[in-house]
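See structure below.
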Amino acid sequence: MDQQQRSSSGYSHSPRSPSSQPYLSVSVTDPVKLGNGVQAYISYRVITKTNLPDYQGPEKIVIRRYSDFVWLHDRLFEKYKGVFIPPLPEKSAVEKFRFSAEFIEMRRQALDVFVNRIASHQELQKSEDLKTFLQAEEETMERLRAHESSYFKKKPADLLQIFKDVQSRVSDVVLGKEKPVEESNPDYEKLKHYIFELENHLAEAQKHAYRLVKRHRELGQSLSDFGKAAKLLGACEADGLGKALTELGAKSETLSIRLQKEAHQLLMNFEEPLKDYVRAATIAERANAFRQQCELAETMKLKEINLFGLISNKTLNVPIQLKEDSEEAARRFESIVRLMNEEIVRFQDQKMIDMGRAFHEFAKGQARLANNIADAWRSLLPKLEACFT
Amino acid sequence: MMGSENEAESQLFASREEMENLVLDEPSDNPNGNGGSKSFSDYRSVMSSLADTHHPLSPPLTPADSDPLLAPQPYRDLRNPSLSHDNNSYIEPPAYADVIFSPFDENTGSEINGIDSPGRSSDSSLSLSRSPSSSSDYIKITVSNPQKEQETSNSLVPGASTYVTYLITTRTNIPEFNGSEFGVRRRFKDVVTLSDRLAEAYRGFFIPPRPDKSVVESQVMQKQEFVEQRRVALEKYLRRLAAHPIIRNSDELKVFLQVQGKLPLATSTDVASRMLDGAVNLPKQLFGEGSTVAPQDVVQPAKGGRDLLRLFKELKQSVSNDWGGSRPPVVEEDKEFLEKKEKMNEFELQLSNASQQAESLVKAQQDMGETMGELGLAFIKLTKFETEEAMFESQRVRAGDMKNVATAAVKASRFYRELNAQTVKHFDTLHEYLGLMLSVHGAFADRSSALLTVQTLLSELSSLHTRAEKLEAASSKIFGGDKSRIRRIEELKETIRATEDAKSVAVREYERIKENNRTELERMEAEKHADFSNMLKGFVLNQVGYAEKIANVWAKVAEETSGYATDSA
C-alpha cells in the first residue's frame, strides 16, 4: 500500500508529517465476502486519514464494494473532461473466479492504487464525489449507486450534448470506423502512433510476465513432486544413500513452497503493474483521440459560423446567441486541450515511477529467491557429505 | 521429427540467439566481446553437420539429441569460452565437481581415463564418476560414419538389398588388444549376433541390453534420422559393454571390435529353422534313439534351442512346479534371493517414478529459462522503442532502467538453461539405472531357467530310477533272468548315467549363475552408491552455483533501481 507517493501534488500523504501540513491518505483493506449465492459480493474497508477541514477526520472508515468504485470512476470521468482518470481493475466475467483468494487480493491492491491516484491528483482530489465516496454512509452510497443509471440519461445542456457526441465519435475513431480528421495536429498523430505501439509492446511484456508467474508455480510443483519421489526412493535404500535421498527430497519440498510464494509476489508486484500500465495506455489513447475531436469540433463550430455568415449575404450580423455559444465552446475546448497536455506529461512521469518501482521489486524478488534457493541447497551439502562417508 | 524441423527450429532459435548475443555483447560484462557472435556461427555449423557424416574420430556431437527429453538443441551449447571462465571463477569446488560442473567446452574438456568431459555420452559420466585410481586402463569406443553397402552374396530374392554399416573405432591401452587404435565396419545384424553370443556366454551377469531392432521405426522415420538414432544407440551400447568389468575382457567383444571383414561369431539362426531341426530330431528322441541330452547342451536354456523334447519336459516340469508338485530340493537360498528380488522390484518402481519426476523438473527448469528469456527480449524491444520514439525525457530514463532489467533477464535465462543442461546429465544416472534393471531381470531369468533345467533333470532321474527298479523287480521274478528285460535294464542304466552327468553339469551351471548373480549384485550395490552419490552431490552443487550467479545478476539491477524503492516492507 502506497502511503508515500513520489509525486505528491497537493496534499501529502504521510500522516506523520507536521499537523500543519494538509494531508489525505486512503487505504483499501480487508476484503470480506458478503451475501449468498448469485448475489454474493466482496466488500472492502476504505480507511481515510486526513486533517482536511471538509472531511470528518482524523480517521474515517467506510465499507465499499466494487460497484461503488465504478460509481466514483464514472462520476469523475463525466466531470473532469481531459483528465486521465486512473483505470479500474476489470470486472470479472467468470463467477467462480471471482472469489479466489488471489483474485481478491489482486483486486484489492488495484482498488487501493486507484483511490490513491485520485487522492494524489491535483484536480481530482478536490472532487465532491471523492469526498462522498470516502465519507458517506453505506445507505447513501447505495442510493447513489442505484441512481447512477437514470441520472446520466437526462442531458439538458447543449455543451454536454456535444461532449457526449464527441465521446461516441472518439470510440468510432479509435475503432477505426471513421476516417481520421484531415487537417489534424501532427503532434496528436505522433502521440497516437506512439501510444498504439507502446500498448502492443506492453501487452507482450505483460503476457510474458504472466507466463513467468506460471513458470514459478510449475517449477514449485515439480520440485514438490520430485521431492516426494526422492523420499520414496530413499525409503528403498539402506544407510547413507537412503538418508541422502530423503534429505534431498525434503529440501526439494521446502523450496517448492518458497517458489509458490514468489509466484504470488511476482503477480502482485510485477505483473499487475504491467497490466495496469496497459490499461493506462488504453486510457491515454482514448484521451488523445478525444483531444483530437475537441479540436475538430472547435474547427467545425467556427466553420459553421462562417458558413452562416456567407449564406446570410455577408452580413456580419451573426446571431448573438450563436456567436456567444461558439466562443464559449472554443474556450471550453481550449482549456480541455491545455489540461490534457498537462495530463499527458503527468501520466508519463507517473508511469516512469510506477514502472521503475515494478522493476525494482521484480529484481529484488528474483535476487531474494535465488539467494534463498542457494542457501537451501548449500545447507544440504554437509549432510550429503556425512551420508556418503 | 528431427531433421528438417530441427533446421527450422535452429533458424528460429538462431535469430533469438542472435538477439540474445546482441544483448549480452556488452563490453562491460563480456571480455570476449565477439565471443558470442563468433561461437554462434560455430553452433550453427554444428547444427547443420548433424545430418552430414563427420570424421570417424571426431567425438560424437549428439549424445542425447535422440533423447526426446532433450529435443531443444540449445542445451548442447558447445560455445562461449567466456562463460566457462565465469563458472570456474565463481565456484571453488572439489575436483570432481569441476568436471561434472562446467558446461561443454572443447577447450577445457579433460580426458580423464580417456573418456571425454561429461556429457559427451551419458554413460561416460558413469565410468568417469567411478574413475577409480586403481585401473588406469581404458577402452574408448566411437561409432560413426554410417554408410550404405550392398548385399554381395546371392540371396533368394533377386536384386541386391542394401544395408548400413558403421565405423567402430576403438582406442585402448589394454594389452590383450592388438594395438592401441583400430577400427572395423559392422552392421546392425553383427551387433545382434554379438549380443546373443554374450547372452549365452555370460548367463547370470547383468549384461547391458542391446538397442532394439525397431523394425517399425526403420520404416516410419526418415532414413537419416533413423540411422543417426541407431548410431547413437549403438555407441551407448558398446560403451556400456566396455564399462562392464567382466564383459570388457570377453573374447566376443574383442573379436567384434578387432576382426576385419565378416564377423566370425556364430550367427543366431531364426526360430523357425531351429524348430524345424528340432522337429526332425523329435521322432528319434521319442523312439529312444539319441534320447539323452548332451551335457553341453544342458548349459543353455531349453527355450530357443533345438531340443523340442527337452522343451516339453521342462515345460512339464515348470507346470508341476507351479502346481505345487514335488518340491525341488534346491530351495534354501531361494528365500534370500526372493527377498533380494522383491527389493529390486521395489527399487525399480520407485526409480521409475523418480525418473519421471526428474524429467518434469527438468522441463520446468527449461520453461522457466525460456520464459525468462522471452520476457527479457520483450523488454529489449520495448526499450528500443522507447529510446527511438521517445517524446518525453522521462521515457528515456525509464528506457535505461528497462534495459538493465531486460539484460538481467536474458542473462538469468542463459543461466537457467545451462543449469538445466547439467541437471539433465546428472539425472541421466536415474535413466541409466532403469536400463540396468533390464539387465538384472535378464540375469535373474538366466538363474530361473537354469534352476528349471536342474529340476527337470532331477525329476527325470527319479522317474528313470523308478522304472529301473520296477524292471529289476520284474526281472528278478523270472529265474535265470529275462534276456529282453535285462537288455532294457542295461540301456536304462546307460540313460541314467548320461542323465546323471547332465544333471551334474546343470547343477554346476546353476551354481555358477547364482554366483554370477551374487557378484553382480554386489558390484551393482557399490556402483549404485558411488553413482547416486555423485548424482546428488553434483545436482546440489549445480543448483547452488547457478542460483548464486542468478542472484548476483538480479542484485545488481535491484541496486541500480533502488532509487524507486518505497519504504513498504
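The values are calculated or read from the model by the stated rules, or taken from the named source; none is laboratory data. In this text, all values refer to a predicted model and were calculated from it rather than measured experimentally. Cβ coordinates were reconstructed from backbone atoms using ideal geometry, including for glycine residues, and neighbour counts include every protein chain displayed.
A few points about this structure:
- Looking across the range A:226-262, just one residue is over 22 Å from residue A:385 (Cβ atoms), crowded, with 21+ Cβ neighbours inside 10 Å and at the interface with chain B (Cβ under 7 Å from one of its Cβ atoms), and that is A:229.
- Matching option when the condition is at pLDDT 85 or above and either more than 30 Å from residue B:448 (Cβ to Cβ) or surrounded by 15 or more Cβ atoms within 10 Å (Cβ to Cβ) (or both), among B:235, B:176: B:235
- Within the set B:498, B:474, B:558, the sole residue that is of a type in the set (A, V, I, L, M, F, W, C), surrounded by 18 or more Cβ atoms within 10 Å (Cβ to Cβ) and assigned to a helix (DSSP H, G or I) turns out to be B:558.
- Boolean, residue A:149 is touching a Gly at 6+ places or on another chain (Cβ under 9 Å) and modelled with pLDDT of 50 or more: no
- Among the candidates B:467, B:488, residue that is more than 19 Å from residue B:205 (Cβ to Cβ), basic (Lys, Arg) and free of Cβ contacts under 8 Å to residues at least 24 places away in the same chain: B:488
- Odd one out for residue A:275 among (1) away from chain B (no Cβ under 11 Å); (2) surrounded by fewer than 19 Cβ atoms within 10 Å (Cβ to Cβ): (2)
- Count - residues of the range B:531-556 that are within 18 Å of residue A:249 (Cβ to Cβ), hydrophobic (A, V, I, L, M, F, W, C) and more than 7 Å from every other protein chain (Cβ to nearest Cβ): 3
- Against the test of being crowded, with 21+ Cβ neighbours inside 10 Å, more than 8 Å from every other protein chain (Cβ to nearest Cβ), under 29 Å from residue A:206 (Cα atoms) and of a type outside the set (Phe, Trp, Tyr), the options A:223, A:219, A:266 yield a single qualifying residue, A:266.
- Pairs are defined by a Cβ separation below 8 Å, a sequence spacing of at least 6 or placement on different chains, a first member in the range A:363-389 that is within 7 Å of another protein chain (Cβ to nearest Cβ), and a second member that is part of a helix (DSSP H, G or I) and aromatic (Phe, Trp, Tyr); the pairs so defined are A:363/B:554; A:364/B:554; A:366/B:554; A:367/B:554; A:370/B:554.
- Verdict on residue A:314 being within 14 Å of chain B (Cβ to nearest Cβ) and either modelled with pLDDT under 75 or surrounded by 19 or more Cβ atoms within 10 Å (Cβ to Cβ) (or both): no
- So residue B:198, is it touching a strand residue (DSSP E or B) at 6+ places or on another chain (Cβ under 9 Å) and surrounded by 18 or more Cβ atoms within 10 Å (Cβ to Cβ): no
- Test result for residue B:167, under 20 Å from residue B:224 (Cβ atoms) and surrounded by 17 or more Cβ atoms within 10 Å (Cβ to Cβ): yes
- Members of the range B:359-377 found to be facing another protein chain (nearest Cβ under 7 Å) and over 21 Å from the mean Cα position of the chain (by Cα), listed by number: B:361, B:364, B:365, B:367, B:368, B:371, B:372, B:374, B:375
- Inter-residue pairs, beta-carbon under 8 Å, first more than 23 Å from residue A:335 (Cα to Cα) and in the range A:65-90, second surrounded by 19 or more Cβ atoms within 10 Å (Cβ to Cβ) and of a type in the set (Ser, Thr, Tyr), 6+ apart: A:65/A:44
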